[in-house]
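Sharing a structure, written as structure tokens. Questions coming.
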Amino acid sequence: MSNTLCNGGIKNNNPKSPIEYFRLITVREFSDYEGGTIVDVITSAEQFLNTEEEAIDEPFYQIFGQRRIEDNNPKEIFLGEFYSLDKAKEFLYNITGEVPEIISY
């Protein structure tokens, strides 16, 4: 089964954690003009369909933690990359104990 467009997140209910919210995004990898690759965030169904032929492989998922406002560190930190939506959702469940709210187009 191929990966689909899926963006979502879940609030962190642990008040002692510096992370307030976990964000799940869909990304795709593309070739750049210098022979390398770039990863771009896919935010809409139109973008998802329009990039299907240009993408190197299946879309995949990244999870970021958004820090609490009172924390003076960088606002968002990268937590992981997953090649399966089920694995990304499982990761969020293992951290929060709750099923993430998934917004899929």
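What number comes out for the charge environment of ILE38, summing +1 per Lys or Arg and -1 per Asp or Glu over other residues with Cβ under 9 Å away? Don't skip to the end; give the middle numbers.
Details: positive: none; negative: GLU29, ASP32, ASP40.
Result for the local shell: -3.
Using the Karplus curve 6.51 cos²θ - 1.76 cosθ + 1.60 with θ = phi - 60°, work out ³J(HN,Hα) for each residue of the stretch 13-20 in order, rounded to whole Hz, and write x for Gly and Pro.
Taking θ as phi minus 60°, the curve returns 8, 8, x, 7, 7, x, 8, 8 Hz for the stretch 13-20.
Expressed in nm to one decimal, what extension gain is obtained for the pair TYR33 and ASN13 from 0.36 nm per residue of sequence separation less their Cα-Cα distance? It would help to have the intermediate numbers written out before the result.
On the way: separation 20, 0.36 × 20 = 7.20 nm, distance 4.35 nm.
So the extension gain works out to 2.8 nm.
If the viscosity is 1.306 mPa s and the temperature 10 °C, what Stokes-Einstein diffusion coefficient in µm²/s follows for the stretch 1-99 when Rh is the Kirkwood radius over Cα pairs?
Details: Rh = 14.6 Å.
For these conditions, the coefficient is 109 µm²/s.
Provide TYR61, TYR21 in ascending order of the number of other Cβ atoms located within 10 Å of each residue's Cβ, fewest first.
Values: TYR61 22, TYR21 14.
In increasing order of surrounding Cβ atoms, one gets TYR21, TYR61.
Sort GLU101, GLU20 by Cβ crowding within 10 Å, fewest neighbours at the top.
GLU101, GLU20
Over the chain, with a Gaussian network built from C-alpha contacts below 10 Å, which listed residue (ILE25, ILE42, ILE77) shows the highest mean-square fluctuation?
It is ILE77.
Grab the Cα-Cα distance for LEU79 and GLN47, subtract it from 0.36 nm times how many residues apart they are, and report the gain in nm with one decimal.
Working: separation 32, 0.36 × 32 = 11.52 nm, distance 2.44 nm.
Length gained, LEU79 through GLN47: 9.1 nm.
What angle do you read, to the nearest 10 degrees and between 0 and 90, between the alpha-carbon axis of helix 85-96 and the longest principal axis of the chain?
Compared with the principal axis, the helix lies near 10 degrees.
All of the numbers you see were taken from the coordinates with simple rules; none came from a lab. From a predicted model like this one, the values you see are computed outputs, not experimental measurements. In this analysis, Cβ positions are derived from the backbone assuming ideal geometry, glycine residues included, and neighbour counts consider all displayed protein chains.
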